[in-house]
Amino acid sequence: MRIYNNRAILCRFFYFCRNNCYLCIKICIFAKYIYLQNMNIKYLVLYVTLLFLPLCKVEAQKNIYEINDRCYLYFMKSSSAIKSTASLSYADTMFSLGARLHDTKAQCLALTLKNLHYYYMQDEAMMIKTMHDTQRFAVKTPYKQYVFDPWNRLINYYANHERLSEALDQAKKYLKEAVRLNDSYGIPQGYRKLGDLYASLSDFDEALSQYSKALSLKKEMKNDRNINDIYIGMASTYCDTYRYDKAKYYYQKVIENNLNINIYMSYVGLFRAYAMEQLHPDSIEYYKRKCDQEFGSGMMSVSNTKHYYDALVYYYLNKDNYDKAFEYVDKLEPDETSIKLKALIYFCKGDYKNAYLNQSRFISEEAKKRINSNHNFITQLTAQLNKSNLEREKHALEMNNAIMKLQQSEAREKLMLLEKSQTTLELNNKQLALEKQKSNAERSELRSGKAELEAKNERVKALRQQDMTRYLTQQNRDRNNMMILAFLLLGVVMIFSSAYILLRQRQMKILKEEKDHVTDAYAIANEERDKAEKADKLKTIFLQNMSHEIRTPLNAIVGFNQILNSGIDYEITEEERHDMTESINNNAELLVKLVNDILDVSKFESGSYQMNLKPVCIQDVCMMSLKSLEVKAPKNVEISTDFDKGKIILSTDAQRIQQLLVNLLTNAYKYTEQGRIIVSCHERMQGQNERMPNQQVVEIAVSDTGPGIQPDMAEQVFNRFEKLNSFKQGTGLGLSICRQIANLLGGEIYVDTSYDKGARFVFLHPVV
């Protein structure tokens with residue numbers, strides 16, 4: 001009889017025996033049997049191949065989990081097909097085979113593979129179910145780490161889907177269970193996972209605290225497993241908080257461990273830290289070469305690639321290569337990090353408008369992220385409150401059921417009393433019937449004593465009537481008592497029900513107030529935190545602007561001074577020397593003005609400046625301002641005034657009024673190359689001004705015939721460091737100081753957008 005003449009089956013045996021050499025002898029015997037049954041040259045060749053196959057040196061894949069080889073074969077099949085349904089079939093076969101072979105570790109791995117499949121398929125419900133199945137099985141085995149492996153995967157799933165509150169809750173339960181089981185793997189991993197989540201929530205202090213706990217436990221246990229993950233988390237957190245020395249220390253610890261785990265992540269992290277610090281050029285170039293080698297090999301992970309591009313942005317910013325910096329920013333995903341980097345590039349480039357727009361966009365994205373996080377937290381809190389309300393409603397239903405059972409018991413008692421009364425009546429009727437029969441018999445026998453018997457019957461009848469009357473009276477009394485008792489019980493039930501309803505309403509009101517209080521507290525806390533962050537960012541921007549504005553005139557002064565004072569003969573003409581000297585003087589004046597403006601801004605914002613109010617003539621103040629700038633007046637521009645005929649006396653600070661006018665005139669001189677500049681001063685009665693309609697004011701205006709100001713920029717020009725023309729000299733603080741002076745004097749300053757011949761600035765001073 002021929003057995004298995006299918007060549008494909010023999011090929012499957014051939015492939016199987018490559019990783020199971022100890023079965024080759026059995027397979028060869030089987031092939032010999034086939035050969036004897038079918039004398040075919042094809043099967044003879046297969047037989048010879050199988051016979052000498054054990055002599056071939058075939059390197060089988062190493063069994064890293066140290067489970068049964070047959071189970072490991074199904075493990076590899078399931079792992080390679082993890083995103084298909086075939087993975088589940090291989091995992092089930094592996095679990096059954098592990099049960100037959102008493103290999104509990106293989107069974108734990110099989111359950112973990114099923115959980116991993118649903119993780120990749122994003123099936124949350126099945127992922128949670130397989131996680132519980134794995135935990136129930138693994139907790140009874142010596143391999144407790146498989147209790148936490150799928151749990152860790154669920155936490156990652158929540159974190160990747162921006163469900164950070166749920167991830168944080170699961171991480172806390174993870175750590176609690178690890179402590180209960182006293183698992184050396186789960187406890188440090190729980191602290192590390194909490195550190196990762198707190199870092200994602202930007203709570204860096206708490207993240208570092210959790211990382212430190214995990215690291216100390218690892219050192220106590222003398223267990224280096226997954227310790228590089230802790231070092232990487234601490235280094236990244238220190239880098240995000242600009243503590244580069246600490247970040248570099250922990251990245252170096254990863255490299256010193258020499259475990260070939262996260263080593264290239266450390267190289268990328270060190271390159272990023274040195275590039276952001278910009279203090280050690282040699283180190284930057286060294287770690288850039290290391291990262292370039294890994295990137296060139298094509299083996300760099302997605303996460304490392306992102307950090308690599310991030311570091312390259314800082315690298316090229318340090319070299320003032322803004323095009324390259326923009327190139328690597330564009331390679332990043334369009335998230336808040338890329339927006340922040342674009343703002344930084346625009347700022348370093350001097351494009352403050354785009355820097356401001358991107359920074360505003362970054363702040364908006366961060367706010368949205370925090371709002372979503374708070375929304376998820378409030379949703380979870382609401383679910384808990386709803387659960388509590390459901391428990392209270394369940395308790396109320398149980399009380400109502402108890403009351404219903406009590407009422408049913410009372411009704412049964414009433415029914416039993418009625419049945420007892422009916423039975424008594426029936427017995428009485430039977431007794432009456434017997435007595436009647438007895439009396440008839442006696443009447444028939446003793447006819448002579450008829451009168452006596454009738455009298456006796458009358459007495460019996462009277463007694464019976466009395467008994468019946470007493471019985472009926474007692475019955476009515478009992479019925480009335482039962483009705484009174486029923487009404488009393490009903491009243492008690494109604495009182496208790498009303499009390500319960502009132503108590504529940506009060507509790508609901510208290511819970512609502514507590515919920516509103518918690519919501520308000522969170523809102524206030526978020527608002528205060530946003531204010532603090534905004535103030536910190538504004539401070540940073542202010543210092544950066546100051547360094548830029550101070551550096552420019554200083555560089556000019558130092559450069560021209562070196563040329564003038566150097567001993568080398570540069571063949572400088574007198575005209576060039578005069579121009580250099582004039583440039584030094586102009587930049588020195590600009591630097592002095594910048595310092596004075598900064599001092600003024602500081603005084604105004606601190607609230608320490610007190611206005612020196614005295615009666616002054618406004619026209620005289622205007623003329624003094626014009627005379628102070630007479631030297632700087634443009635040659636081809638006509639300067640004129642337009643004042644009221646009578647003197648206008650105001651109680652004001654003449655020095656600050658003059659400072660305001662000087663700033664306005666300086667801007668007019670700067671931007672007007674030809675035409676005229678007009679300084680006007682008029683007193684406006686109530687109702688004649690649109691900006692302050694209910695007040696009598698003095699209107700001081702400076703008009704020019706320059707390029708003018710676009711209507712959409714009319715408010716923006718009063719911002720700090722705002723310059724419509726970056727090529728014009730100036731600090732960008734003058735108009736901002738003008739607005740602060742106007743506010744302190746109770747007035748208002750604005751750009752007249754209806755003026756179409758140039759620019760017109762109007763200052764309204766109230767008449768007190």
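Values in this text are rule-based calculations from the coordinates and carry no lab data. Values in this document were obtained by computation on a predicted structure and should not be read as measured data. Counting neighbours? That spans all protein chains shown, and the Cβs are built from the backbone with ideal geometry, glycine included.
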Above-threshold pairs, the threshold being 32 Å between Cα atoms, out of Lys288/Lys340; Lys340/Lys757; Lys248/Lys353: Lys340/Lys757; Lys248/Lys353
Ranked list, fewest to most other Cβ atoms within 10 Å of each Cβ, for Arg100, Arg272: Arg100, Arg272
Summed side-chain charge close to Pro142 - residues other than Pro142 whose Cβ falls under 14 Å, Lys, Arg +1, Asp, Glu -1: 0
Integer Hz, Karplus 6.51/-1.76/1.60 couplings in order for the range 699-710, x for Gly and Pro: 9, 10, 10, 10, 10, 9, 10, x, x, x, 10, 5
Sites His280 and Leu489, calculated FRET efficiency, Cβ-Cβ separation with R0 51 Å, nearest 0.05: 0.05
The range 69-143, relative contact order [Cα under 8 Å, separation at least 6], %: 27 percent
Nonlocal amide H pairs with Ile639, under 5 Å, H built at 1.01 Å: Ile677
Nonlocal amide H pairs with Thr652, under 5 Å, H built at 1.01 Å: Lys614, Val616
Separation in nanometres of the label points that stand 7 Å from Cα toward Cβ, at Lys290 and Ile572: 4.9 nm
Pairs from Lys213/Lys290; Lys173/Lys512; Lys213/Lys306; Lys218/Lys246; Lys77/Lys105; Lys144/Lys222 whose Cα-Cα separation, in the structure shown, is over 26 Å: Lys213/Lys290; Lys173/Lys512; Lys213/Lys306
Per residue Cα convex hull volume in Å³ - calculated over the range 69-143: 71 Å³
Cut-off 14 Å between beta-carbons: net charge of the residues surrounding Leu613, Lys and Arg +1, Asp and Glu -1: +1
Pairwise FRET efficiency - Tyr500 versus Asn226, Cβ, R0 = 51 Å, nearest 0.05: 0.40
Approximate spin-label separation Tyr522-Asn612, in nm, with each point projected 7 Å along Cα-to-Cβ: 5.5 nm
Alpha-carbon centroid distance for the pair the range 280-351 / the range 157-202, whole angstrom: 31 Å
